[in-house]
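Quick notes on the structure that follows.
The values are calculated or read from the model by the stated rules, or taken from the named source; none is laboratory data. Just so you know, these numbers come straight off a predicted model, no measurement behind them. Because the Cβ atoms are built from the backbone with ideal geometry, glycine has one as well, and the counts that use them run over all protein chains shown.
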Amino acid sequence: MSKKIIIANWKMNFSAPAAKKVIDDFMTLFKQPDNITVVICPGFTAINYVAEKITKTGLAWGAQNCYWEEYGAFTGEVSPRDLAGLGCRYVIVGHSERRTNLNESDAMVNNKVTAALAAGLTPIVCVGETFAERQEGTKEFVIMNQVNRAIAGVNLSGEKRLIIAYEPVWVIGSGQAVEPVEAGHTHQVIRQVLIDKFEAKVVEEKIKIIYGGSVDFTNINKFLDMPCIDGALVGGASLDPNNFVKLIQAAAKA
Ligand code: PGA
């Protein structure tokens, strides 16, 4: 069975010096479990330090966003190629905070997925319904559309890998995750979209579907016990080194 993956999304919570302290503290506590891949996604300004600190430890690192061009006149943007140059192996794409606050569209997400893959990065594509969409009963339709549009024209040849993170927008940062059974059902819906697009073997071997939204060390095992949940994208509970180490330990036992 392939390893489960736990991804820390630090969002815009730490200055570079603060991030340095957090990763230093984390590394004094952390022991790499055999059965879990751990990825840290700091803000851009802290990637370099985090990379230096965790290189050759078995931990991986990534970014929280990228642009879709390699280089050029794109003021303020960051190229996937340059992230790969910093040793990033992953990049979060289409987080709901970006979709909402910056009007990041499905087309932009698709461009970013394509560019990230071309640069050798594994995109972590975030999808999920808002509370209003859920109340309207359109949740599955919304998620299927987001996934379909994110992967339009994408192939997963060679070493390319893809992660879809199901994050119900209304539970992010709320302290109240959805029921693992419901997350599991939504993962099956996402898996069906992927099966319709890629060969089953590709879905099995190259794609992970993970859950995000108020995951912490008390509930992680319930999510990972669901057979179709391959890991978690963790915001708030990844910010405190103690809590995050506990979460990883609980994940390793799930
Ligand atoms: P949360 O955030 O764990 O704080 O809910 C998850 C995310 O936004 O990726």
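Among the numbered criteria (1) within 16 Å of the ligand (Cβ to nearest atom); (2) free of Cβ contacts under 8 Å to residues at least 12 places away in the same chain; (3) in a helix (DSSP H, G or I), which one does Lys201 miss?
(1)
What number goes with the only condition from (1) closer than 16 Å to Phe244 by Cα; (2) outside any loop (DSSP other than H, G, I, E, B) that Lys31 does not pass?
Of (1) closer than 16 Å to Phe244 by Cα; (2) outside any loop (DSSP other than H, G, I, E, B), only one is false for Lys31: (2).
Mind checking which residues of segment 55-86 are of a type in the set (Val, Ile, Thr) and farther than 15 Å from Pro123 by Cα? Give the steps one after another, and end with the answer.
Of all residues in segment 55-86, those of a type in the set (Val, Ile, Thr) come to 55, 57, 75, 78.
Within segment 55-86, Thr55, Thr57, Thr75 meet the criteria.
Filter segment 166-177 for residues that are modelled with pLDDT under 95 and among the hydrophobic types (A, V, I, L, M, F, W, C) and give the result.
Ala177
Would segment 112-124 turn up any residue that is closer than 19 Å to Ile40 by Cα and surrounded by fewer than 17 Cβ atoms within 10 Å (Cβ to Cβ)?
The answer is yes; a qualifying residue exists.
Could you give me the residue pairs with C-beta distances under 7 Å whose first residue belongs to segment 83-97 and is on the phi > 0 side of the Ramachandran plot, whose second residue is within 13 Å of the ligand (Cβ to nearest atom) wherever it lies, and which are 6+ apart or on separate chains?
Gly94/Val125; Gly94/Cys126
Restricting to segment 77-102, name every residue that is over 21 Å from Gly235 (Cβ atoms) and surrounded by fewer than 21 Cβ atoms within 10 Å (Cβ to Cβ).
From segment 77-102, those over 21 Å from Gly235 (Cβ atoms) are 77, 79-82, 84-87; that's our starting set.
Answer for segment 77-102, where residues must be over 21 Å from Gly235 (Cβ atoms) and surrounded by fewer than 21 Cβ atoms within 10 Å (Cβ to Cβ): Glu77, Ser79, Arg81, Asp82, Ala84, Gly85, Leu86, Gly87.
Given the criterion of a type in the set (A, V, I, L, M, F, W, C) and within 21 Å of Gly94 (Cβ to Cβ), identify the matching residue among Ala200, Ala237, Ala152.
Numbers: Ala200 fails: within 21 Å of Gly94 (Cβ to Cβ); Ala237 fails: within 21 Å of Gly94 (Cβ to Cβ).
After ruling out the rest, the residue left standing is Ala152.
Just need a number here: residues in segment 161-176 that are under 19 Å from Val91 (Cβ atoms) and within 11 Å of the ligand (Cβ to nearest atom). Working first, answer last.
Of the residues in segment 161-176, the ones under 19 Å from Val91 (Cβ atoms) are 161-167, 172.
Then drop every residue that is not within 11 Å of the ligand (Cβ to nearest atom), which leaves 165-167, 172.
Within segment 161-176, residues that are under 19 Å from Val91 (Cβ atoms) and within 11 Å of the ligand (Cβ to nearest atom) number 4.
Can you name every residue in segment 217-229 that is surrounded by fewer than 20 Cβ atoms within 10 Å (Cβ to Cβ) and touching a helix residue (DSSP H, G or I) at 6+ places or on another chain (Cβ under 6 Å)?
Hits for segment 217-229 are Phe217, Asn221, Lys222, Met226, Cys228.
Among residues belonging to segment 230-249 that are within 11 Å of the ligand (Cβ to nearest atom) and in a loop (DSSP other than H, G, I, E, B), point out the one that is surrounded by the fewest Cβ atoms within 10 Å (Cβ to Cβ).
Checked segment 230-249; the qualifying residue surrounded by the fewest Cβ atoms within 10 Å (Cβ to Cβ) is Leu239.
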